[in-house]
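Below: one structure, written as structure tokens.
Since every read-out is calculated from the coordinates, none of them should be taken as a lab result. If you're wondering where the values come from, they're calculated on a predicted model, not measured in any experiment. Ideal geometry is used to build each Cβ from the backbone, glycine not excepted, and the neighbour counts take in all protein chains shown.
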Amino acid sequence: MKAEILKALKENKNQYISGEELSNRLSVSRTAVWKYISVLRKEGYDIDSSSRKGYKLISSLGVLSAEEIQSELVTRFFGRQIFYYDSITSSNTIAKQIAAEGCEEGALVLADHQSSGKGRLGKQWSSPPQTGIWMSIILRPEIMPTQAPFITILAALAVAVSIEQATCIKPEIKWPNDIVVEKKKVCGILTEMSAEIERINYIIVGIGINVNMDKDDFPPELEAIATSIKMITGQAVNRNILIRTLLENFEYYYVKALANGQRSEIIAEYKKYSLTLDSRVRAIYQSAEIVGQAIDITDEGELIIRDDDGQVHTIMSGEVSVRGLYGYV
């Protein structure tokens, strides 16, 4: 019944529909209509009411909904199955459990709030309710485990492209997977894998995007290094639309990379967003510190650094700092 009332409100968007009309259309009492309207408001729908005119849907910006995402989703398998939670510990933690149980590839774990969001290298990720996108995609690529880091490159590119399409800003990528706007982090990606020597069981791609947070939503220790799309643009963004766009873009790059092997084209596009290329960097790789200039990114997504002695290093993974970013001077 709630879904039918929401559908009627959407069909009459920007105009009122009377409680009597809803009551007659759905064969329920006007009191029942009012109760369902109250439930929708608690879920985040902004619904205006007038004793003379009835009800009007103003906005659904505060709502995160699997139904809203899937209603216009154009993908083959990404997001076709969505596990939604109002609040969980971590979307990656739940995704690993679901993946181990044998769910289909492309399944999405989505939460409105995370109590223990996970970042890279064991760091916490701040995930307040009704503000961001906290999601994990379950993938089962038929590639060698050594090729798995390229999935992170695909995810970072998909996020950057999707944010640019949904807003008026062009984000940058700090290799391999931080999405940065105005030198502050707006999105982080955590990729985790279950694999055997020559076979991947599943890959979990966790994506956390700071969408509609205000400055006060960040803990003090993150204010200098983190931002949100809303803080940059001054406007709230519909999270459902951004997720839908992200799923479509991610699937496009994922299929292209795995089916056609067209990695050079994907890397060329990735480089257009790169904040790391041509910058002075400090990398921690295999317990060694490398300081120098980032000069290229290979077709496999590896970072190439020329150190101060002129030696060239190829970095497959690790912690890379870019001068002028996140306090590295």
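Using helices alone, what [θ] at 222 nm do you get for the chain, with -39,500 (n - 2.57) per DSSP H run of 4 or more residues, divided over all residues and rounded to the nearest 500?
On the way: 9 runs with 96 residues, N = 329.
Using -39500 (n - 2.57) per qualifying helix, the result is -8500 deg cm²/dmol.
Excluding Met193 itself, what net charge comes from residues whose Cβ is under 12 Å from its Cβ, given Lys and Arg +1 and Asp and Glu -1? Let's see the in-between values first.
Working: positive: Lys96, Arg140, Arg199; negative: Glu192, Glu196.
Net of charged neighbours comes to +1.
Could you state the number of Å between the C-alpha centres of region 203-231 and region 252-329?
Here the two parts' Cα centres lie 23 Å apart.
By how many degrees, 0 to 90 and rounded to 10, does the Cα axis of helix 30-42 deviate from the longest principal axis of the chain?
The angle comes out near 20 degrees.
Under a Cβ-Cβ cut-off of 14 Å, what is the net charge of the residues other than Glu20 that fall near it, where Lys and Arg count +1 and Asp and Glu count -1? Intermediate values should be presented prior to the final figure.
Numbers: positive: Arg25, Arg30, Arg52, Lys53; negative: Glu21.
Net charge in that neighbourhood comes out at +3.
On a 0 to 90 degree scale, rounded to 10, what angle separates helix 91-100 from the longest Cα axis of the chain?
Roughly 90 degrees, rounded to the nearest 10.
Between Gln311 and Arg140, what's the calculated FRET efficiency when r is the beta-carbon distance and R0 is 30 Å? Round to 0.05.
0.20
With a cut-off of 8 Å between alpha carbons and a minimum separation of six or more residues, what is the relative contact order of region 66-272 in percent? Intermediate values should be presented prior to the final figure.
On the way: 397 pairs, mean separation 43.5, N = 207.
Relative contact order comes out at 21 percent.
So, counting K/R as plus one and D/E as minus one, what does the shell of residues with Cβ under 9 Å around Pro129 add up to? Before the final figure, lay out the partial values.
Details: positive: none; negative: Asp86, Asp112.
With Lys, Arg at +1 and Asp, Glu at -1, the neighbours total -2.
So what's the angle, to the nearest 10 degrees on a 0 to 90 scale, between helix 149-166 and the longest Cα principal axis of the chain?
50 degrees
Which label belongs to the value computed from this structure, given these candidates for semi-axes √(5λ) of the Cα gyration tensor in Å: (1) 41, 22, 17; (2) 33, 24, 20; (3) 37, 27, 22?
Only one listed value fits the structure, namely (1).
Ala224 to Ser87: FRET efficiency via 1/(1 + (r/R0)^6), r the Cβ-Cβ distance, R0 25 Å, to the nearest 0.05? All intermediate terms of the calculation are to be shown ahead of the outcome.
Numbers: r = 28 Å, r/R0 = 1.10.
Between Ala224 and Ser87 the formula returns 0.35.
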